[in-house]
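See below for the structure under consideration.
The values are calculated or read from the model by the stated rules, or taken from the named source; none is laboratory data. Just so it is clear, the structure is predicted and the values come from calculations on it, not from any experiment. We place every Cβ from the backbone using ideal geometry, glycine too, and count neighbours over all the protein chains shown. Only protein heavy atoms, including side chains, enter the accessible area calculation; ligands, DNA and RNA are left aside. Shrake-Rupley method; radii C 1.70, N 1.55, O 1.52, S 1.80 Å.
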Amino acid sequence: MGRVLLADDHELVRETIAAYLTQNGAHEVTSVGSFDEAVEALKADDYDLVMLDYRMPGMEALDGLRDVAATYPNTPFALISGAAGPDIARHAIDSGAAGFLPKTLAPAELMEAVDTLIAGGFFLPDEAVAKMSSSLTPRELEVVRGIAAGKSNKEIARDLGVQEVTIKLHVKTLSRKLDARNRTHAAMRARDNGLV
């Protein structure tokens, strides 16, 4: 059980998440409707986790997160969002967040994420991890684009003027970077993350 501060300007979303965390995780949740209210709550009490909506009054994008994370360095903060993508997740982590929680998370995933954050861990959804770790080289991008186009390793090797074994090595490396199970999954992950 942990003490959670949840700040979101959408009352239905805020109260639904608060009720779920209270009923299913036995967490004590304080919910507020703006960034300024969250700051006041932080001044008045200690929390095991603070969840801040990315787009709410007073947040000023990531500036609000940066400010409170610097002011309360021993408190884990998580950014929650209905629309922000993997790039925002990366910037949130750079700004001091311990987690990024899309509002599209399944309830069980949300609970797991909250428990992980309260325990001192970090949480990012799979697509954000893939985006952050997908610093593919130009050659790896060419290879994954070939895979996405339905080409075999042999065809990609011929197109790029290299040996097939070289393509196999690139596939292995880019699959690891994209956290993909195989070449087809790598192409899907690359497409999902806008790389192809």
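Considering every residue within region 59-74, establish whether at least one is part of a strand (DSSP E or B) and either at pLDDT 90 or above or touching a Ser or Thr at 6+ places or on another chain (Cβ under 7 Å) (or both). For region 59-74, residues part of a strand (DSSP E or B) and either at pLDDT 90 or above or touching a Ser or Thr at 6+ places or on another chain (Cβ under 7 Å) (or both): absent. Scanning region 117-172 for residues that are open to solvent by less than 30 Å² (accessible area, probe 1.4 Å), aliphatic (A, V, I, L, M), closer than 30 Å to Met51 by Cβ and modelled with pLDDT under 90 yields Ala128, Ala130. Taken as a whole, the condition of being touching a residue at least 60 places away in the same chain (Cβ under 8 Å) and over 16 Å from the mean Cα position of the chain (by Cα) does not apply to Ile80.
Candidates in region 47-58 are the residues that are at pLDDT 95 or above and in a loop (DSSP other than H, G, I, E, B); of these, the one that is farthest from Met1 (Cα to Cα) is Tyr47. Take the conditions (1) free of Cβ contacts under 8 Å to residues at least 40 places away in the same chain; (2) open to solvent by less than 60 Å² (accessible area, probe 1.4 Å); Asp63 misses just one of them, which is (2).
A count restricted to region 3-53 and to residues that are of a type in the set (Lys, Arg) and open to solvent by less than 70 Å² (accessible area, probe 1.4 Å) stands at 2.
Within 20 Å of Gly120 (Cα to Cα), assigned to a strand (DSSP E or B), of a type in the set (S, T, N, Q) and in contact with a helix residue (DSSP H, G or I) (Cβ under 9 Å, 6 or more places away or on another chain): is that true of Thr30 in this structure? Yes; evaluated as a whole, the condition is true for this residue.
Filter region 181-191 down to the residues that are open to solvent by 20 Å² or more (accessible area, probe 1.4 Å) and in contact (Cβ under 8 Å) with a residue 24 or more places away in the chain and list them by number. Residues satisfying the conditions are Arg183, Thr184, Arg189, Arg191.
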